[in-house]
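This report concerns only the one structure given below.
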Amino acid sequence: MARLFDSARERLDAAAKHIDVHPDVLEKLRYPKETLAANLLVRMDDGSRRSFKAWRCRYDDTRGPTKGGIRYHPNVNLDEVMTLAFWMTFKCAVANLPYGGGKGGVAVDPKQLSPAELERLSRAYAQAFSNFIGPDRDIPAPDVYTNAMVMGWIADEYSSIVGHPSPAVITGKPIPLGGSLGRGDATGRGAYYTIRYIEKDLGVGPEKKSRVVLQGFGNASYHAAELLHNDGYKIIGVSDSRSAIYDPDGLDPIAVFEHKQKTRGLAGAPSAGKLTELSNSELLEQECDILIPAALENQITDENADRIVAPIIVEVANGPTTPEADAILNKKNITVVPDILANAGGVTVSYFEWVQNKAGFYWPIEEVHSKLRTFIEPNVDEIWRFKQDRGIDMRTAAYVHALNRIASAVAAHGTKAFFAS
Ligand code: GLU
């Protein structure tokens with residue numbers, strides 16, 4: 001039952017109501033272009049073999065090669081991979097990257113595997129999908145529980161299959177293997193640039209010591225927290241997959257991160273004030289000025305949306321809010337800065353990495369940061385203005401913005417849509 005995918009497509013239908021888009025375009029975007037499933041047979045350290053289900057979906061390539069991460073998570077399934085690929089299609093269009101959307105996944109708990117097993121699994125993924133991915137076809141990247149090392153193994157395996165170094169087949173690689181400076185913190189930095197760009201409109205800012213709660217403390221949320229904290233925002237709550245901590249007097253995200261590295265958890269993290277421990281779901285309901293869900297999808301649902309008190313939600317995770325929850329949040333006048341805008345910094349610097357790989361010419365970090373800002377701000381601006389002009393929510397405005405770009409690419413391909421009406 002493709003439930004997540006069905007609710008993702010509701011966003012498309014909602015956006016289509018606001019513009020005059022040819023039905024052919026909507027028909028094209030209703031299903032993925034192609035999906036490949038594989039069974040990865042991996043030799044474990046004890047000599048046995050174990051199989052892992054794996055997928056890669058190329059959702060739509062109207063605007064260019066498909067682009068999107070590979071997720072390693074025990075609950076990954078085809079429905080989720082298709083949905084994530086759908087979201088990537090709209091995210092790449094929002095960010096104005098010359099890409100369509102794709103996504104991959106392996107049903108595995110990587111924490112249960114040794115580094116050598118993880119390497120064999122990642123190389124098996126590259127082998128199984130070597131004809132499906134490619135530098136001009138479909139370009140993977142990191143996602144939940146995959147990192148630069150995994151990207152390096154896949155780049156290496158793919159290169160040996162095609163017989164020459166092919167760094168542009170995947171992004172998010174280690175720097176010595178052709179990774180870009182600034183890819184590591186790009187998702188968090190993109191969210192940070194987005195917030196800072198519209199903070200006056202949102203009524204928040206460092207001078208007000210606006211309070212931020214983050215669900216998740218992985219790569220994206222840690223960097224967003226660190227950048228906001230350095231500018232004077234007050235981080236008052238964070239969580240990981242097991243627990244959450246909250247301190248209305250403020251937390252130092254760097255000290256919390258170091259504590260988590262040492263103890264593998266958040267409990268007992270350093271704090272100058274009144275630290276309390278909560279569950280992950282309780283954290284979402286705490287009082288704050290900005291709530292940043294940065295973990296997995298379906299965290300804000302019709303079950304808990306009523307209890308959310310934050311006036312602003314910035315979605316650093318993909319799909320943290322269900323459409324039913326969206327309706328409740330809109331009614332409560334909560335501004336949701338949607339995932340396809342707020343977390344597009346990662347794929348934007350992935351694009352920079354791919355450009356650098358193709359050119360064989362590498363940029364200094366300052367150039368990556370300034371180009372990232374240059375890519376993000378005009379889209380935030382346009383989406384914010386469109387939302388204000390039309391009196392619609394920001395997610396619908398972002399989908400309309402993306403749909404316009406995809407529709408004009410469909411038209412430029414000379415399909416029937418171009419000639420109609
Ligand atoms: N997994 C990230 C996302 O959901 C990055 C994708 C990429 O860099 O291609 O946006």
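The values are calculated or read from the model by the stated rules, or taken from the named source; none is laboratory data. Remember, it's a predicted structure, so these values are computed and weren't measured experimentally. No Cβ is skipped: glycine too gets one built from the backbone with ideal geometry, and neighbour counts run over all protein chains shown. Surface areas here come from the heavy atoms of the whole protein model, side chains and all, with no ligands, DNA or RNA. Shrake-Rupley method; radii C 1.70, N 1.55, O 1.52, S 1.80 Å.
See the values below:
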read-out	value
Heavy-atom accessible surface of the stretch 303-394: percent carbon and sulfur, 1.4 Å	52
Ranking by accessible area, most exposed first, for T276, T321 with a 1.4 Å probe	T276, T321
Whole-Å distance, taken between Cα centres, linking the stretch 45-69 and the stretch 85-135	5
Calculated Rg and Dmax of the stretch 233-330 using C-alpha coordinates, Å	13.6, 41
Inverse of mean 1/r across different Cα pairs in the stretch 132-205, Kirkwood, Å	13.9
Percent of Cα pairs exceeding the 18 Å cut-off, where the set is the stretch 309-421	62
Fraction of accessible area attributable to carbon and sulfur, the stretch 182-245 (%, probe 1.4 Å)	45
Probe 1.4 Å, all protein chains present, accessible-area order of S241, S114, S210, largest first	S241, S114, S210
Calculated diffusion of the stretch 48-93, Stokes-Einstein form, Kirkwood radius summed over Cα pairs, 25 °C and 0.890 mPa s, µm²/s	210
Of all DSSP beta bridges in the chain, antiparallel share, percent nearest 5	50
Förster-model FRET efficiency, 56 Å R0, E207 and V162, C-beta, rounded to 0.05	0.55
Å³ per residue enclosed by the Cα convex hull of the stretch 93-245	135
Virtual spin-label span in nm between R3 and K332, 7 Å along Cα→Cβ	2.1
Probe 1.4 Å - accessible area at E226, Å² to nearest ten	50
Rg/Rg_ref, the chain, where Rg_ref = 2.2 N^0.38 Å and atoms are Cα	0.95
The stretch 194-273 and the stretch 311-346: distance between their alpha carbon centers, rounded to Å	18
Kirkwood hydrodynamic radius (C-alpha pairs) into Stokes-Einstein, the stretch 156-279, 37 °C and 0.692 mPa s, D in µm²/s	202
Additional length obtainable on full extension of the chain from N304 to D136, 0.36 nm per residue less Cα span	56.2 nm
Solution diffusion estimate, µm²/s, Stokes-Einstein, the stretch 113-163, Kirkwood Rh from C-alpha pairs, 10 °C, viscosity 1.306 mPa s	142
Percent of Cα pairs exceeding the 15 Å cut-off, where the set is the stretch 294-363	58
Paramagnetic reach from N39 in the stretch 55-80 [backbone N under 18 Å; point 7 Å along Cα→Cβ]	55-56, 77-78
Convex hull (Cα only) mean projected area of the stretch 1-78, reported in nm² to one decimal	7.0
Estimated dipole of the stretch 20-133 in Debye, rounded to 20 [Cβ of Lys and Arg +1, of Asp and Glu -1, Cα centre]	240
17 Å cut-off, amide nitrogen to a point 7 angstrom out along D24 Cα→Cβ, residues in the stretch 50-70	61-63
The stretch 91-175, Cα convex hull volume normalised per residue, Å³	103
With all protein chains modelled, accessible area of V81 [1.4 Å, Å²]	0
Label-point gap, in nm, between N75 and K111 - each point 7 angstrom along Cα→Cβ	1.4
Chain lengthening between D249 and V355 when straightened (0.36 nm per residue, less Cα-Cα)	33.8 nm
